[in-house]
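The values are calculated or read from the model by the stated rules, or taken from the named source; none is laboratory data. What you see is a predicted model, and the numbers here were worked out from it, not measured in a lab. For neighbour counting, all protein chains shown are included, and Cβ atoms are generated from backbone atoms with ideal geometry for every residue, glycine included.
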Amino acid sequence: MSQSKKNQPFSMGASLGDGWNSDNRTQVIRQEKILAVDKHELIVKKEKRKGKTVTMIGEFFHSAEVKKKLSADLKKKLSTGGSVSETWLEFQGDVVEAAKALLVTKGYSFKR
């Protein structure tokens, strides 16, 4: 017996051909934008987390390796801990002025 369209199981999502369908939300491809050092306009902000000050500097548009190396260099010179998020560098404590001075010597500029 051949099945007609009526007897086929119900399926969600539209088939748009060429490998596309309406359920492609999980297949988001992020392209990393990479800029030269002199093209960055960084922002510095301070946050309080659990009563402690965190200095955040960003947004950096470098590869992950460059951000990691820059963070390690700054942490060593600032004598503080920190981490790298997607486009921001985070440092423990209020190190705004010292971090700005170090980054300006490396060729970065700041918006404010």
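Of the strands (runs of 3 or more DSSP E) entirely within region 33-112, those holding at least 3 residues that are in contact (Cβ under 8 Å) with a residue 60 or more places away in the chain occupy 41-49.
For region 78-87: of the residues being crowded, with 17+ Cβ neighbours inside 10 Å and within 21 Å of the chain's Cα centre (by Cα), which is nearest to H40 (Cα to Cα)?
At the first step, the residues of region 78-87 found to be crowded, with 17+ Cβ neighbours inside 10 Å are 78, 82, 84.
In the following step, the residues that additionally are within 21 Å of the chain's Cα centre (by Cα) were identified as 82, 84.
On the way: G82: 21, V84: 17 Å.
Only one residue fits best here, namely V84.
Do we find that V66 is modelled with pLDDT of 90 or more and β-branched (V, I, T) in this structure? Walk me through how you get there before you give the answer.
Values: modelled with pLDDT of 90 or more: yes; β-branched (V, I, T): yes.
In short, yes.
Restricting region 26-45 to residues that are surrounded by 10 or more Cβ atoms within 10 Å (Cβ to Cβ) and farther than 15 Å from K111 by Cα leaves a set whose member that is modelled with the lowest pLDDT is E32. Residues that are out of contact with any Leu (no Cβ under 8 Å at 6 or more places or on another chain) and within 12 Å of L89 (Cα to Cα) within region 51-79 comprise V54, T55, A64, V66, K68, K69, A72, D73, K75, listed in sequence order.
Residue by residue through region 67-77, note down the ones that are over 11 Å from L103 (Cβ atoms) and more than 13 Å from the chain's Cα centre (by Cα). Before you say what the answer is, go through the steps one by one.
The initial filter retains those residues of region 67-77 that are over 11 Å from L103 (Cβ atoms), namely 67-69, 71-72, 75-76.
Matches in region 67-77: K69, S71, A72, K75, K76.
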